[in-house]
Amino acid sequence: DQQVKQNSPSLSVQEGRISILNCDYTNSMFDYFLWYKKYPAEGPTFLISISSIKDKNEDGRFTVFLNKSAKHLSLHIVPSQPGDSAVYFCAARVYGGSQGNLIFGKGTKLSVKP
Amino acid sequence: EAEVAQSPRYKITEKSQAVAFWCDPISGHATLYWYRQILGQGPELLVQFQDESVVDDSQLPKDRFSAERLKGVDSTLKIQPAELGDSAMYLCASAPGQGSHEQYFGPGTRLTVT
């Protein structure tokens, strides 16, 4: 059973507009949530993270929101740029569990059109 | 900028053959992870090292897979014999320590088993 779910396989957005990528989780023991960006033929690159005790974290054009009651987090990219086109993975870490191992969603492919 | 190095980047092998992947983590990173990513899925943990010790290999198919990190620095992942279902991207990641929630990924090795 998937503990981290990204239900949208793809998302297409116009350049300059907001991109919103969503992620749902089932395990209440996750203590950190992370977003990674992956270009083809490259490894995932860390983008932004949020602690489970926070509800928002912002870094430049990227903001992650966490709704613990709904077990839902989202990544907002504003404004979206063509270079943001990539696969975005949501990941979560279990507190006190397997030494910090991350559990990943299946990813959402973002396409930003010029 | 420090990076995780992996080689080879691409590997094609016939089933029943042996194959090995190499990873050199960021200097000073004590924790090293091997992940497997099947197309359309997120990375899944195979094995985690803390220095030279395995701390989690519960998802490693031990009948055919082995991993070592003899001196606590670089690491090798081996598959013998390879099967068609092993075709995937093999990713190595490192982190400063077990308490760190951020993991830094290498470019991966794309394995194709024919």
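No value in this document is a laboratory result; all are computed from the given coordinates. None of the values given here were measured: they were computed from a predicted structure. FYI the Cβ positions are ideal-geometry reconstructions off the backbone, even for glycines, and counts take in every protein chain you see.
For the segment B:36-46, counting C-beta atoms of other chains within 10 Å of every residue's C-beta and taking the mean gives 5. Please work out whether the protein assembly as shown counts as rounded, prolate or oblate from its C-alpha gyration tensor, where a ≥ b ≥ c are the square roots of the eigenvalues and a/c under 1.5 means rounded, while otherwise a/b larger than b/c means prolate and anything else oblate? The shape class here is prolate.
Within the same chain, aspartates and glutamates fewer than 8 places from A:Lys71 are excluded, and of the rest, those with a Cα less than 13 Å from its Cα are A:Asp24, A:Asp31, A:Asp55. Available extension along the chain between A:Asn57 and A:Tyr39 is 4.1 nm, counting 0.36 nm per residue and deducting the alpha carbon span. Give the shape of chain A as rounded, prolate or oblate, defined through the alpha-carbon gyration tensor: a ≥ b ≥ c are the square roots of its eigenvalues, a/c under 1.5 means rounded, and otherwise the shape is prolate if a/b is larger than b/c and oblate if not. Here chain A falls in the prolate category.
The residues neighbouring B:Thr112, those whose beta-carbon lies less than 13 Å from its own, together hold a net charge of +1 under the Lys/Arg +1, Asp/Glu -1 convention. Here each label is just a point 7 Å from Cα along the line to Cβ, and for B:Arg64 and B:Ala2 those points are 3.5 nm apart.
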